[in-house]
Each structure stands twice: as structure tokens, then as C-alpha cells.
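Enquirer: Before anything else, here's the structure in question.
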Amino acid sequence: MQRVYITLRGDDKIAIYNLDPANGALNHQEDIHIPGGPSPFAVSPNGAYAYTGLREHFKLASFKIDSETGSLTTTGTADLNSDPCHISVDNTGRYLLSAYYAAGQIAVHPINTGGAIGSVEIERINTRHRAHCVITDDTNQFVFLPHVDDSNAIFQYKFDAKNGSLTPNTPPVIEPPPGDGPRHYAYHPNNKFVYFDNEQGCSVTAYRLDPDKGTLSPFQNISTLPENWSGENSCAQIHMTSSGDFLYATNRGHDSVAIFAVSDTTGKLTSLGQHRTLRTPRAFAIDPTDNFMLVGGLDDGLLATYRVEQSGHLTHLSTQPVGDQPMWIEITGDFA
């Protein structure tokens, strides 16, 4: 079985499900009540601890994960000056990185040896408003911070895992073409390429990652929408299979998952079309075996399960109610 954590901002809870890796069946285990609008979610590299951002209460919260049941026990909180829209844990498990949409900031908090969040941040840096995502690369040396809408920028940082500090890289900022609005990103498993979905531009931009400098250079931009489709749309999350063979991004408006094949050698994307899904698909996740995808409908409170075929296309398996405003879906590895 695999564990699934779904933050439900409107219900002030984290729903925990068990996913059968043989057939994709979901079994609801329990709900953890977390006041404050839990939204972004992350799990430590060792799978022992979890973290969420409380967007209504301006807090970060940490949890111990029960190794047998997957249940969550709160271990600490940190007060913030704004609402965190994205969080991640660095590769050592010693630092929690966070992005702040309204405040336009990036921050780093310490994590103690018991997995609890430190109350005082190591770094808090002002950038531009509408910052949206922060993840370290595979070497744990570099970090990027995209900004959507009129900010329309990617900030580049060097990350020091010895003390959790961030240093602006050279150049410190990438200015994409007007109207792109880079939102979230995914690293290719070979750590040579990084893919940003563009919230306003409704596209994915592929970048080469310089392994020594940790800087980005764009080489492709490809639409997430069908040709000749017109209507209001914005991109939300982007995820890649662990194999690196396929990349997916969600369209809010067209209400679909855009599917791309990925060249392992060149990093180039080839569109495989779009799969229609739930209303306003903000959050989605691919299980560690690359066999299943879960998509949450922000507006209808539903959760759809798909089988990821060898071709990269999706086959619908089931749809069920999950709760009010699913904001993040996290699938962890196998357990007995």
C-alpha cells in the first residue's frame, strides 16, 4: 500500500488515504483536524515527518508520521508574517523552504533532529509579490523561486546545506517573456533540465540547468492547451514521473491535464494532448511507481484516480468526494 495525504483548506483538515498499488483503489483512513487552512504540504526525505503551511493563520506546522498507521501528530509550529503558498524539505531533511505569494518572499526554517519545525527562520528574503514555488535541486546546492502574473520572474539562488543560507546566484533574476508567469517547476531526474509551467502563458518552458553554476537557460516553450482553443485558462501544478519519461501540468479553465513526452537526451518536450478532468484541477500527484495519478477538483471537492499508461496517457478509474478545496496531494512510498 501507499499513503496519500490531501490538504483540504476549506475543511481545516488533512485527509489520509491508502492507495493500493495493484489497482489504484483508495481507502479513506482518517482525517486530521488542522485549523488555519492547511494548503502546501511536504514530507521529509526519510518519510518520518510531514509539514504543512496554514494560509489562513500564517503558520507552518510540523508532524511526526506514525510508521505503522501514517497518522500525524503535531510536533511544532512557526508563526509567519504572510501566507505560505509552497513548501519543501531540502535533501538533508534539516531545512524547510517556503514561498510567500502575497508578501513576495522566500524563507528557510530549521528542522531539529526530531523533525520539528524551528520557530525562527534562518533566512527571510524579500523578492517580488506572487512568489509561488521553492525546491532544491538534486545536488541540494541550488534553488529557484518563480513569480506569476505581473512579477513574471525566476529568482536564482545558491543554497548552503551547512547552515541553510541562500545567496543570489549570477544572474540573480531571469525575466521570462511578458505574460508567461512561471508558477511551479519540476526537475528532470538526470538534473540536467528544469520545467516551469507558466500560469498566465498556459505553457511549459524547458530550461537547461548548468551543473556547475546552477543557472537556467531556456530552450523550449510549448503550450498546455489544444490548438485553436480559446477561453480563460491558467496553469496550476506541474509534475514529472520518477522515470523522467513524462511530464504533466494542470489547466484551470480548460480543466485538463496536459501530457508531454520527454526526451532523456535533449530534454525536449512533445505534446501528447490533454486529458479532460475535474473542475479547476489545482492539485495532483503521481505515485512513486508511476502507475497512478490523483487529481483534485478545487471547485467541486472531488478526487479522480487515473492509471498512467506506458504511453503516458491517462485512463480514468474512479471519482469520489474528498472535501472542500483540495490544495495539495502527496503520495508516499510502500508500506506493509
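No value in this document is a laboratory result; all are computed from the given coordinates. Model, not experiment: these values are computed from the prediction. Reconstructed Cβ throughout: ideal geometry from the backbone, glycine too, with neighbour counts over all protein chains shown.
Enquirer: Taking the chain as a Gaussian network, where each spring joins two C-alpha atoms under 10 Å apart, which residue of 119, 67, 234 fluctuates the most?
Expert: 67
Enquirer: Given Cα pairs under 8 Å that are at least 6 residues apart, what percent is the relative contact order of segment 21-80?
Expert: Details: 96 pairs, mean separation 14.5, N = 60.
It rounds to 24 percent for segment 21-80.
Enquirer: Cα centroid distance between segment 153-205 and segment 225-250, in Å?
Expert: Measuring centre to centre over Cα atoms gives 17 Å.
Enquirer: Output the pairs from 13/213; 64/162; 213/268 with a Cα-Cα distance over 29 Å in this structure; if there are none, say none.
Expert: Over 29 Å apart, Cα to Cα: 13/213.
Enquirer: Same structure again: Run through segment 227-317 and list the trypsin sites (Lys or Arg not before Pro) located in a DSSP loop whose Cβ has at most 15 other Cβ atoms within 10 Å.
Expert: 268, 279
Enquirer: What residue among 30, 68, 199 has the largest mean-square fluctuation in a Gaussian network model of the chain, using Cα springs under 10 Å?
Expert: Looking only at 30, 68, 199, the biggest GNM fluctuation is shown by 68.
Enquirer: For a quick check, take a GNM of the chain with Cα springs below 10 Å and name the residue from 166, 54, 317 with the largest mean-square fluctuation.
Expert: Among 166, 54, 317, the largest GNM mean-square fluctuation belongs to 317.
Enquirer: Taking θ as phi - 60°, what are the ³J(HN,Hα) couplings along segment 6-12 by the Karplus curve (6.51, -1.76, 1.60), each to the nearest whole Hz, with x for Gly and Pro?
Expert: Values per residue, Gly and Pro as x: 10, 7, 10, 4, x, 9, 6 Hz.
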